[in-house]
1. Which ³J(HN,Hα) values, rounded to whole Hz and listed in residue order, are derived for the stretch 238-255 from phi using the Karplus coefficients 6.51, -1.76 and 1.60 in 6.51 cos²θ - 1.76 cosθ + 1.60 with θ = phi - 60°, glycine and proline given as x?
2. Taking the Cα centre as origin and putting +1 on Lys and Arg beta-carbons and -1 on Asp and Glu beta-carbons, what dipole magnitude results for the chain, to the nearest 20 debye?
3. Taking 0.36 nm per residue of sequence separation and subtracting the Cα-Cα distance, how much length would be gained by fully extending the chain between Ile355 and Asn123, in nm to one decimal?
4. Specify the residue with the greatest mean-square fluctuation among Ser301, Ser76, Ser253, computed from a Gaussian network of the chain linking alpha-carbon atoms under 10 Å apart.
5. Using 0.36 nm per residue of separation minus the Cα-Cα distance, give me the extension gain between Ile144 and Phe248 in nm, one decimal.
6. In square angstrom, rounded to the nearest 10, how much accessible surface does Glu110 have for a 1.4 Å probe?
7. Could you calculate the contour length gain from Val370 to Asp257, that is, 0.36 nm times the residue separation minus the distance between their Cα atoms, to one decimal place in nm?
8. Could you please state how large a percent of the accessible area of the chain is carbon and sulfur, counting protein chains only and using a 1.4 Å probe?
Amino acid sequence: MAQSLEVVDEKGKPLSDVQVLYQQEGKWKLSITDSEGLAKLEEIESGSELHISLLGFEKIQTIWNGNTEPVILKKSDYDLSEVVITGQYRPVRKNESVHSIRTIDAEEIEDRAAVTLDDVLRNELNFRISRDNILGTGLAMQGISGENVKIMIDGVPVIGRLNGNIDLSQINLNQIERIEIVEGPLAVNYGSNALAGTINLITKSPKSEETNAEASFFTESIGHFNVNGSVSTGIKKQSITVSGGRNFFDGWSPGDDFFYHNPEPIADGRRARQWNPREQIFADAKYRLALNRGYLEVAGSYFDEEIINRGAPMGAYGERAFDDHYLTKRYNTSLKYQGSLGENWNTHHLVGYNIFERTKSTYVTDLTGVSSDLSPNPSLQDTTTFNTFLARGSFIGKLSNQVDLQIGYETEIEEGAGERIVDATGMIGNYALFATAE
């Protein structure tokens, strides 16, 4: 004989599509509540376990004893409490945002075993990741190429585009708290290159009165060996976090054994790898001072990467080879202030200075003595640098109970130098005043 179980919310409203798992003769059965909040339980015995769940509500595990009273499900505040900041006047709950924002938190990053940004985005809808042995990884978002995608870390743009793309494999996730993705233009907030969308990486902030230390290790059979760690501590209104690590990939070619590693490649055709060896060294630091009406935050980071593109043996006896070394350095600094100007007005200000340097050096390697000398041909050497200064600020307040106003300014000056730039140097400036209302 079938029994009925009624499921309602905290206000007594029937809930449909609730999953009710119960046991029948030692086997688990599933029933779904109808529009009246009723689930039919076929031949259920007294004392059977009930597992009741619905997305957005807290799960319940109970015992069937001929229940005549409805089961009450309480709303889960997990999704509702998720706060986003990209493109917002102030931190708001995700479901209250004007823009549609996707978030990827630190737990999900860890579940995916993601080390760099490309590891995460390759599994996201509307992204297409491309890979180049030299330029690294690029992306297209909603079918629009990467030069129209704004990538930021704590609101500071990531610089150093090569062929229009930021190398996503250079953006490590060891200190990222969450990633916020906004599809569609945010040109008013972040400039004209935020046409396809905006990706903002939010770093972890140190907590006051706590001391934490952590370390992680990652390895893959194709030759990845990564390690990173961090330490954070806080005293009264001050807190600081320091982190660093190393990512290493020894290259890969078809036919390699598991965990293949040869630090001194032999002098034959096998020295040239299908996927080039690379090593990354990185370090970050963040200091936060809590103020009466806000906080002041200073952050800095350092990144160093070397990619080696070993050439096949050349010459009459295969006695020499041309090896290319690509060295990338990034230095990022930022100063942020956020505070209140009263009951109805807040202000945010951000100043950042970034340096990007990429050097290509070609060496002539003597395979008989395994020695290398820099090639005398100047066309085989190249250095490209970019320096960017950013100052952005905004004032946000309420004009009424239903209208919020944002008034802001932005100054961004980028200088570049390199052989492929006209006159070897160039500068572009962006100066803006903007206002929006919601």
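1. Karplus values, whole Hz, x for Gly and Pro: 10, 8, 8, 10, 10, 9, x, x, 9, 10, 9, 9, 8, x, 8, 9, x, x.
2. Values: 41 positive and 63 negative charges, 213 e Å.
In total the dipole reaches around 1020 debye.
3. Details: separation 232, 0.36 × 232 = 83.52 nm, distance 3.01 nm.
Separation in residues times 0.36 nm, less the Cα-Cα distance, equals 80.5 nm.
4. For the chain, modelled as a Gaussian network with Cα springs under 10 Å, the answer is Ser76.
5. Working: separation 104, 0.36 × 104 = 37.44 nm, distance 3.13 nm.
Stretched fully, the Ile144-Phe248 segment lengthens by 34.3 nm.
6. Rounded to the nearest 10, that gives 140 Å².
7. On the way: separation 113, 0.36 × 113 = 40.68 nm, distance 2.43 nm.
Extra length from Val370 to Asp257 when fully extended: 38.3 nm.
8. Working: 12600 of 23860 Å².
The C+S portion of the solvent-accessible surface of the chain is 53 percent.
The values are calculated or read from the model by the stated rules, or taken from the named source; none is laboratory data. Small disclaimer: the values here were computed from a predicted structure and weren't measured. Every residue, glycine among them, receives a Cβ derived from its backbone with ideal geometry; neighbour counts consider all protein chains shown. With ligands, DNA and RNA removed, areas are computed over all heavy atoms of the protein, side chains included. Shrake-Rupley method; radii C 1.70, N 1.55, O 1.52, S 1.80 Å.
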